[in-house]
Amino acid sequence: MNGGATPAAGVTVRVPAKVNVQLAVGPARPDGFHDLANVFLAVSLYDEVTATPADTLTVTCEGPDADRVPLDRTNLAARAAELLAARHGLSPDVHLHIRKAIPVAGGMAGGSADGAAALLACDALWGLDSPRETLLEICAELGSDVPFSLVGGAALGVGRGERLTGLSVAGPFHWVFAVADGGLSTPAVYAEFDRLTPDAAPPAASPALLDALSTGDTTALAATLVNDLQPAAVSLRPSLAATLRAGLDAGALAALVSGSGPTTAFLVKDPDAATAVAAALRASGTCRTTHTATSPAPGATLL
């Protein structure tokens, strides 16, 4: 879909993946969620969602692992359309077509990204012109990572990650992402975190990490990357340890599991290093495929 498309013909929204450069996790709350200090950074790996008029709500999908994407009302894109329509007394009669590039169930918020993209696309298709605050409220209802998918850039998420404060970020930062076979269940990773970390401390953002983002200092950022869910993800998928080691051995400045995994993220110094680390990871046999990307990246954007 190009910029000359009309809403009657369909609306396409591009939305980025995310990497958690800091994911500090507190103890489980009574509601089952965990308090987080979650520093999101959007990266230039995108899904696209196209909304077109239809007689009923339908979802289709293409791209890597598209067969693993639910096409029923559990899909966050479908839920986004339903919630937006309900707010305005409409019937959610729309066809949502998802073009995947973000790894499925990979800890990079691909499903959340599709929810944010569908929300923005339906809002434009239906001519609603909803205030940003309304869209963010619906995003928070959809899931903890969805608000950041809408806004992009860099942000600190607190609460369960849905309450965002935008952060100053320079960059560019260069990344390699290694995609594992299969996915990891986010609830299972959090349950394993609870088992491994019975005395989790209240989470707080790292001042050194926030300073590294604002100054664009790759070396300083590498020294401060941290994901409290990484031990749990590696416990459930021990093969991730070999992937992390392979990337570091190939020259990555830092390595971590992205979110709840199993995608692993490698911070590198420049585009040439990204190419070299990606090739070494593919040759290592410890991952299925790789992607290179830069950050920061814009949030959900109408095309």
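Values computed for the structure shown
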{"quantity": "Lys/Arg +1, Asp/Glu -1 at C-beta; the stretch 173-294 dipole; positive extreme among P231, V176, T218", "calculated": "V176"}
{"quantity": "Angle in degrees between helix 240-249 and the longest Cα principal axis of the chain, rounded to the nearest 10", "calculated": "70"}
{"quantity": "DSSP beta bridge pairing in the chain, given as percent antiparallel to the nearest 5", "calculated": "85"}
{"quantity": "Charge dipole (debye, nearest 20) of the stretch 179-244; +1 at Cβ of Lys and Arg, -1 at Cβ of Asp and Glu", "calculated": "140"}
{"quantity": "FRET efficiency estimate (nearest 0.05) - Cβ-Cβ, S185 to R29, R0 25 angstrom", "calculated": "0.85"}
{"quantity": "For peptides 11-22, 95-106, sequence by mean Cβ density within 10 Å, most packed first", "calculated": "11-22, 95-106"}
{"quantity": "Normalised per residue, the volume of the convex hull around the Cα set of the stretch 138-283 (Å³)", "calculated": "121"}
{"quantity": "Debye equation applied to the C-alpha atoms of the stretch 7-100, log10 I(q)/I(0) at 0.15, 0.22, 0.24, 0.26 Å⁻¹", "calculated": "-0.78, -1.09, -1.15, -1.22"}
{"quantity": "Debye, to nearest 20: dipole size of the stretch 173-294, +1 on Lys, Arg Cβ, -1 on Asp, Glu Cβ", "calculated": "340"}
{"quantity": "Relative contact order of the chain, defined on C-alpha pairs under 8 angstrom at six or more residues apart (%)", "calculated": "26"}
{"quantity": "Orientation-averaged projected area, Cα convex hull of the chain (nm²)", "calculated": "14.9"}
{"quantity": "Charge dipole of the chain about the Cα centre (unit charges at C-beta), most positive-ward option of V268, A200, G32", "calculated": "V268"}
{"quantity": "Folded to 0 to 90 degrees: helix 186-196 orientation relative to the chain principal axis, Cα", "calculated": "30"}
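Rule-based calculations on the coordinates, nothing more; no lab input. Because the structure is a prediction, the values reported are computed rather than measured. All Cβ positions, glycine included, derive from the backbone under ideal geometry; neighbour counts span all protein chains shown.
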